[in-house]
1. Diagonalise the Cα gyration tensor of the chain and give the resulting equivalent ellipsoid semi-axes, square root of 5 times each eigenvalue, largest first, whole Å.
2. Zone of THR118 (label point 7 Å along Cα→Cβ, backbone N under 20 Å): which residues in the stretch 1-39?
3. At 0.36 nm per residue, minus the direct Cα-Cα distance, what do MET18 and GLU126 gain on full extension? Give it in nm, one decimal, please.
4. So for the pair HIS83, HIS49, with labels modelled 7 Å out along Cα→Cβ, what separation do we get in nm?
5. What's the whole-number percent of alpha carbon pairs in the stretch 34-89 lying beyond 16 angstrom?
6. Taking the simple approach of a point 7 Å from Cα along Cα-to-Cβ for both GLU106 and THR76, what is their distance in nm?
7. For the charge dipole of the stretch 47-127, defined by +1 on Lys and Arg C-beta atoms and -1 on Asp and Glu C-beta atoms about the Cα centroid, which residue among PRO116, ALA80, PHE61 has the Cα displaced farthest towards the positive pole?
8. Compute, for the chain, the length of the dipole vector about the Cα centre, with Cβ point charges of +1 (Lys, Arg) and -1 (Asp, Glu) only. Units Debye, rounded to 20.
Amino acid sequence: MAHLIIDYSPNVEHWLDMPALCDALRVAMIETGALPLPGIRVRAHRADHVSIADGADHHGFIDMSLRLRGGRDIDTKRAATNHIFEAARRFVEPVMATRSLALSFEMRDIDPDLSPKTGTIRDHLET
């Protein structure tokens, strides 16, 4: 399981292609080699009500949270965190060159004993 959830301010939709960002981050997650392909999910949620910094409406944010089933060592998680964050940073770099945008990322473990899962995605993956 590796679910990447993106929360973002509404103005970001006017600055960049959110579906393309989701896809770029999905690819980056695969590239880490540390996250099982069938468990990878990326979704983005616009935060319709925000107040940022001094309250000016020209500020924006993208906050990413990766929920990960426990069991990976810290070096693996650190490398994956850096790779995924760098992919996001490269994607938004053109926007950050001209706009007020905060980009953040957090990876956190989920206790597998408290997170039951089932599904058939593995049965339908193209090999």
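1. 28, 15, 15
2. 1-2, 38-39
3. 36.4 nm
4. Simple spin-label model gives 4.0 nm for this pair.
5. Here the long-distance tail beyond 16 Å is 58 percent of all Cα pairs in the stretch 34-89.
6. Roughly 2.3 nm, to one decimal.
7. ALA80
8. Around 280 debye, computed over the chain.
Any read-out appearing in this document is the output of simple, stated calculations on the displayed coordinates, not a laboratory observation. Not measured: the values here are computed from a predicted model. A quick note on method: Cβ atoms are made from the backbone with ideal geometry, for glycine too, and the neighbour counts reach across all protein chains shown.
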